[in-house]
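Computed from the coordinates by the stated procedures, all read-outs in this text should not be read as laboratory data. Small disclaimer: the values here were computed from a predicted structure and weren't measured. Glycine also receives a Cβ, built like all others from the backbone with ideal geometry; neighbour counts cover every protein chain displayed.
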Amino acid sequence: MGVAPTKTASDLRIPSAASRTVVFRCWSRSKEAPSAAALISPRRAISVMPAKAMLEAVRFPEDYDGIIAGAPAFQFLEMIPWMVGAHRAQSANPLTREALGVLDRASIRACDDLDGIADGVIGDPRQCTSELYDIDQLACKGGQVKDCLSPGQIETARYVYEDIVDSNGVRLSPGVLPGAEAAGDWGFWMLANEQFEGQSVISGIGEMLALLMRHEPDFKLDEFDPVTDRAAIANATSPLDVRSADLSEFRERGGKLLMYQGWNDWPLRPQRAIDFLSKVESASGGARQARDFYRLFMVPGMVHCAGGPGAWQADYVRPLVAWREKDEQPQRIIATHPDGPPLAHLDAEAAAASSRRFTRPLCVYPKLAQYRGRGDENDAANFRCVEP
C-alpha cells in the first residue's frame, strides 16, 4: 500500500556478509516509484510487502538479523472494518477535493505552531485536539457555498478523524490524525482514482472482505457491522495479521527491528504502530528492554509510506546495519523533504505541496523533534530530540 522510497535494491548495500538484513518497503502502482519492497541478504533479493516484516519477526525469527518495517499493514482485522465504514460514510456524504482543502487549511491554521515553528507540518498531531480544531466550525453558513463543508461532509470527516469504540468505550480503531488532508493521501484512498479504473481505493475493500469470507455462505457484506462483527472475520484475516507482540525469539538471537511510521498516514493511522510498540514493551519486560532490539521512528508530516508536507526521505538501512553489527543504537535519523513536485500518485493540492527543501531529525519514539529556538529552521542541526 502506498509508494516505495526512491532507492532501488542496488542502492542498499550491506557492508558485511555476516548479517542478513531485510528491508520491507511499501508498494505502489505509481510509475514514478518502484513497486517492490526489497529483501536484502548476502544471497538473494526478492519482492515482498512491508507487513511481512512483522510476520517474519514473529513467525520466522531465525530468518533475519535485522528488519526494517516501513508503515506495515499488519492488522487487517482492524483495518478492513474501519475502511468499510469509511467507504460507507464517503458514499453517503462524499468529501471532495475542495473539501479536503478546507480541512487541510483549517487544521494547519489551528495547530501548525504547536511545535514552536510554523512550517506547514503539525509536529505531534495528537496535540491537535477538537478543542483547537473544531470541524463543526467549518459548516457552511448563510448561503455560503465555498471554503466550507456541508453537514454531511462534516459527518464523513468526523468518521475519519474520530476513534471507533465499542459499547464499553474500548477503542477498536483509531482515527486519522489532523494534518496533511490535502497532501494527497486522503484523496488517493477516498476519491476516484485513475490507477484503480476510476474507483476509489476504499471502494474495493468490501470486495476484498467478501473474497476473504467466500467460504462463509452466511456472510453478507451489506449486513456487516464494522463495530460488532469483527470476530466473524477474525479467522479469515488471521493469515495476514500479526496477533502476537512476543518477539522474544527474535530478540534472543540478537535481532534488531526498526519501524518507521508517518504521523499523517491515512490507511494505517499511527496509533496502531504506537499501540503495538506498547504491547512489545509489555511482552519484553519494559520500555528499556524493548529499546534494545525494537525502535519506532515517527515521521511528522509523512502520509502513507512516503510523501506529504514533512521531511520523509531517509536512509534507514545504514542505522540498522550499524545497530546490528556494531551495537550503535540509533538515536536520530536525518530526514529530508525533497524540493520539486510531490509524488505524482498523491496528486496533492498545490497549496499543500511544499516544494522547499528542508531537513528534520526523526527521533526514537516517544521523543519528538524540537526547534532549539535559533538557527535555520530548515536545518535538522537546529533541532533536538526531547521527551514530550
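What list of whole percents do you get for P(r) of the stretch 76-237, with Cα-Cα distances grouped in 10 Å bins up to the one holding the largest distance?
Bin by bin from 0 Å, the calculated values are 10, 34, 34, 18, 4, 0.
Under a crude label model (7 Å from the Cα following the beta-carbon direction), how far is Asp147 from Asp229 in nanometres?
Inter-label distance under the simple model: 4.3 nm.
Could you tell me which of the pairs Lys326/Lys367; Lys52/Lys326; Lys52/Lys367; Lys52/Lys256; Lys52/Lys220 are separated by over 20 angstrom between their Cα atoms in the structure shown?
Cα-Cα > 20 Å for Lys326/Lys367; Lys52/Lys326; Lys52/Lys367; Lys52/Lys220; rest within.
At 10 °C and a viscosity of 1.306 mPa s, what translational diffusion coefficient does Stokes-Einstein give for the stretch 162-260, taking Rh as the Kirkwood radius over Cα pairs? Give it in µm²/s as a whole number.
Translational D for this selection: 93 µm²/s.
Provide the packing ranking of 129-138, 215-224, i.e. peptides ordered by the mean count of other C-beta atoms within 10 Å per residue, highest first.
Those peptides, ordered most packed to least, come out 129-138, 215-224.
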